[in-house]
Structure formats: structure tokens, C-alpha cells
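A.B. asks: Sharing a structure with you now.
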């Protein structure tokens, strides 16, 4: 009986630690930038595209549909699988692909800044992270979270939910500061966005996620992050729908 109790306690402690680590990764208090995941919201507010809460909800739903669900989440799954297999070449390829999906210089800089900040945390949490992987994590926070999730033995579905919640909360908190609106409205928005996110994060992920190189059917719209009169073209957004 003593052996059984010891084994169960060890397993329970391990699971509890994984859950706590998962909550740590989901926290918007991670020092990865005050406007983490803002995705050009600053420019949208300045341009008058997002003047109030209702406009912010519409804006954010579009960011979720055309960005997070179709780009970030599928590519995160690819990065996680590459980290599982120790395939640095594949991880580098998908990180480069992710950066290519950030259509403007500002969005690419935002991605790299998040990656550099997360890599500094990684140096403290996992100082034994191999240099090639650490260098890769500096390019994108998604790469760092994928590597850390594998190292901490947190399954992909849980990591995807953590990533989704972190994205939602950080985006809404950016809205609180930039639009602005109050905390009650923020909590209602988080509630609505979580309801939208859960069905898109399956409990069991396929070993491969389908990524299509076909451009979208509709023409690209004006892109956030572009300063007026600095760019007169846009890179077509690709589609990365999950199977």
C-alpha cells in the first residue's frame, strides 16, 4: 500500500506541476511586451478603424479567423511536432514560414520582439536549452512555447488552449489600453472569445495538420501596421486551415 500511495502521489504532483506551468504560460503577465499579440491594433485605433468596444470585437473576431486560427495555431502545431522529433531544420522552416505570414515589417518586428523576450525567460527556466534551439526561439514566441511545452511534457491540446487564452487575454488587454474600454467590457469580451476558441482547439490533434499554399479567394484588405504612404502593396495572406 505504501508503494501505491507513493506512486500516486508522485504522479499527482507531476500533473499538478504541469498544470501550474501551463497557467504560467497562459498568463498575460509574462514579460514579452506590453502589447503582445496586439497585431497592429495601435494603427487600427489611430486610423479610426476601431473607435469603440463593438468595433474592437469585430476587429478581433477577424484577427482570430484570418490570423490565429488559420496561421498561428496550425503552425504552432507544426512547431510542436518538430520539437517533439528534435527536428531543428523543420522547426526553422516553419518559423521562417510564420515570419513570412506577418505581412508588414512592423508585424515581423513584433513577432521577433516577443521571441527575444521569451528567449530571455527560457534562459532562466531552461538554461540547458541547446544553442540552435535558443537561437530559433529568439525569432518567434511560438517556437519558444512549442519547445518549452515539449520539454515540460505538456500535451499539444493543452498547449494550444494555453496559447489561445494567452492570445485572447493579451489582445483584450491591449484593447483596454488603446481603444480604450473598461474591465467589465474586457471580461465580457474574453468570455465571448473563449467560447469561439474552444471548438477550434481539438482534444486530439492529427499527427499532421494540413497547410495549403492557395491564396484566399477574396482580395487582401488593408493591413494593420502599415503607415500611410509607406507601402502601396500587400502580400496575399495564405490559408492554413486545420484538417
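A.B. asks: Of all residues being outside any loop (DSSP other than H, G, I, E, B) and out of contact with any helix residue (DSSP H, G or I) (no Cβ under 7 Å at 6 or more places or on another chain) in the range 37-60, which is modelled with the lowest pLDDT? Just the residue, please. Show your work before the answer.
C.D. replies: Keep residues of the range 37-60 that are outside any loop (DSSP other than H, G, I, E, B), which gives 41-46, 53-60.
Imposing the further condition that a residue be out of contact with any helix residue (DSSP H, G or I) (no Cβ under 7 Å at 6 or more places or on another chain) reduces the set to 43, 46, 54-55, 58.
Numbers: 43: 84, 46: 90, 54: 95, 55: 95, 58: 94.
Checking each candidate, the answer is 43.
A.B. asks: In addition: Considering only residues of the range 172-189 that are assigned to a loop (DSSP other than H, G, I, E, B) and touching a helix residue (DSSP H, G or I) at 6+ places or on another chain (Cβ under 7 Å), which is surrounded by the fewest Cβ atoms within 10 Å (Cβ to Cβ)? Spell out the reasoning first.
C.D. replies: Restricting attention to the range 172-189, the residues satisfying the condition of being assigned to a loop (DSSP other than H, G, I, E, B) are 179-182.
Applying the additional criterion that residues be touching a helix residue (DSSP H, G or I) at 6+ places or on another chain (Cβ under 7 Å) yields 179, 181.
Working: 179: 20, 181: 18.
Among residues in the range 172-189 that are assigned to a loop (DSSP other than H, G, I, E, B) and touching a helix residue (DSSP H, G or I) at 6+ places or on another chain (Cβ under 7 Å), the one surrounded by the fewest Cβ atoms within 10 Å (Cβ to Cβ) is 181.
A.B. asks: Could I ask something else about it? Say we look at the range 82-136 and pick out the residues that are touching a residue at least 40 places away in the same chain (Cβ under 8 Å) and not in a helix (DSSP H, G or I); which of these is nearest to residue 155 (Cα to Cα)?
C.D. replies: 101
A.B. asks: Here is a further query. I'd like the residue in the range 137-171 that is over 14 Å from the mean Cα position of the chain (by Cα) and part of a helix (DSSP H, G or I) and, out of all such residues, is surrounded by the fewest Cβ atoms within 10 Å (Cβ to Cβ).
C.D. replies: Restricting to residues being over 14 Å from the mean Cα position of the chain (by Cα) and part of a helix (DSSP H, G or I), the top hit is 151.
The values are calculated or read from the model by the stated rules, or taken from the named source; none is laboratory data. This structure is a prediction, so every number in the text was calculated from the model and none was measured. Counting neighbours? That spans all protein chains shown, and the Cβs are built from the backbone with ideal geometry, glycine included.
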